[in-house]
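Written out below as structure tokens is the structure these notes cover.
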Amino acid sequence: MAQPAILTGDGSPTLFHRTVGEHYHSLSGAHLEARQRFIEPCRVIRTARVRGQIRILDIGFGLGTNLGWAVHDIQRAAPGAAIEIVSLERDLLPGDQLKLFFRALPQARLSVMLKRLVEERRWIEEGLQLTLLVGDAEQLIDSLEGRFDAVFLDPFSPKLNPGPWRADFLRAVRNRMVEGGILSTYSSARRVRLSLLRSGWQIGCGPAVGMKSSGTLASAGSVQPPLPPLDAKLQRKLARQMCSGQEEDLDE
């Protein structure tokens, strides 16, 4: 039996995953989180305008919210830019269960697009190419070709789903980034930040969304303007742990 949707603070729906024991989105607002946590800090609109194209890796398709809003916002703010998004999902929900969340997006055509993407794993139209790959991200990453401008790192938490947060996986993602590409995630866990540092990313402080604490931003090389810096005390602590070679333990 499908679970009922939960309305978040901005009126958009999310879902509670009973097996995992976590909501798919911040209860402050599912749509708010998509835009303020991922789309804006990854600077995708700026990239699309400057380069005339944008390539995004979406780790955790979930309810399709981040992907749907990315297409919407880029097409409105950078018309004519070519968009490609590759989305990875380990546990894809049935299409019938996802319809409600697709319909909550700001345009009906986005619902049609995401429905077809779930059914056929591909959507191609002029200036837009979407691919949905189902399986463990740690295995799927090796099949990806080309380089990405942005990464939405949005799987379930490191405690419950440690694979996508480990340094070896994040290194594989880093190796598929353009110079100056940006990753954003909701996690501010020290172990996650250490994993990012050990895998070659430069890191900074992500935005706080609603009642959630600041997440983490990471860049493949330096970016302008620079990422918002972490607290100086935290930077020193991370530096000491990097020097000590302390191993990550995402299972705790």
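Tallying residues that are outside any loop (DSSP other than H, G, I, E, B) and of a type in the set (Ser, Thr, Tyr) within the stretch 203-227 yields 2.
For the stretch 190-212, state whether one or more residues are of a type outside the set (Ser, Thr, Tyr) and closer than 18 Å to Ile74 by Cβ. Among the residues of the stretch 190-212, not one is of a type outside the set (Ser, Thr, Tyr) and closer than 18 Å to Ile74 by Cβ, which makes the answer no. Lys237 passes every criterion in (1) surrounded by fewer than 16 Cβ atoms within 10 Å (Cβ to Cβ); (2) more than 18 Å from the chain's Cα centre (by Cα); (3) in contact (Cβ under 8 Å) with a residue 40 or more places away in the chain; (4) in a loop (DSSP other than H, G, I, E, B) apart from (4). Out of the residues in the stretch 116-161 meeting the condition of being on the phi < 0 side of the Ramachandran plot, at pLDDT 95 or above and of a type in the set (Lys, Arg), tell me which one is farthest from the chain's Cα centre (by Cα). Among those residues, the one meeting the criterion is Arg116.
Results for (1) more than 16 Å from the chain's Cα centre (by Cα); (2) part of a loop (DSSP other than H, G, I, E, B); (3) surrounded by fewer than 19 Cβ atoms within 10 Å (Cβ to Cβ), shown as yes or no for each residue.
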position: Thr47; (1), (2), (3): yes, no, no
position: Leu57; (1), (2), (3): no, no, no
position: Gly62; (1), (2), (3): no, yes, no
position: Leu67; (1), (2), (3): no, no, no
position: Ile74; (1), (2), (3): no, no, no
position: Glu84; (1), (2), (3): no, no, yes
position: Leu88; (1), (2), (3): no, no, no
position: Lys99; (1), (2), (3): yes, no, yes
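Report yes if Leu230 is part of a loop (DSSP other than H, G, I, E, B), in contact (Cβ under 8 Å) with a residue 12 or more places away in the chain, of a type in the set (A, V, I, L, M) and surrounded by 19 or more Cβ atoms within 10 Å (Cβ to Cβ), otherwise no. When the stated conditions are applied, Leu230 passes them. With respect to (1) surrounded by 14 or more Cβ atoms within 10 Å (Cβ to Cβ); (2) in contact with a Gly (Cβ under 7 Å, 6 or more places away or on another chain), the lone exception for Thr131 is condition (2).
Out of Ala108, Ala78, one residue alone is hydrophobic (A, V, I, L, M, F, W, C), more than 19 Å from the chain's Cα centre (by Cα), modelled with pLDDT of 95 or more and buried (at least 20 other Cβ atoms within 10 Å of the Cβ). It is Ala78. One residue stands out in the stretch 33-45 among those that are within 14 Å of the chain's Cα centre (by Cα) and assigned to a helix (DSSP H, G or I): the one that is surrounded by the fewest Cβ atoms within 10 Å (Cβ to Cβ), namely Arg35.
The values are calculated or read from the model by the stated rules, or taken from the named source; none is laboratory data. This one's a predicted model, so the numbers in the text were calculated from it and none came from an experiment. Using ideal geometry, Cβ is built from the backbone for each residue, glycine included, and neighbour counts are taken over all protein chains shown.
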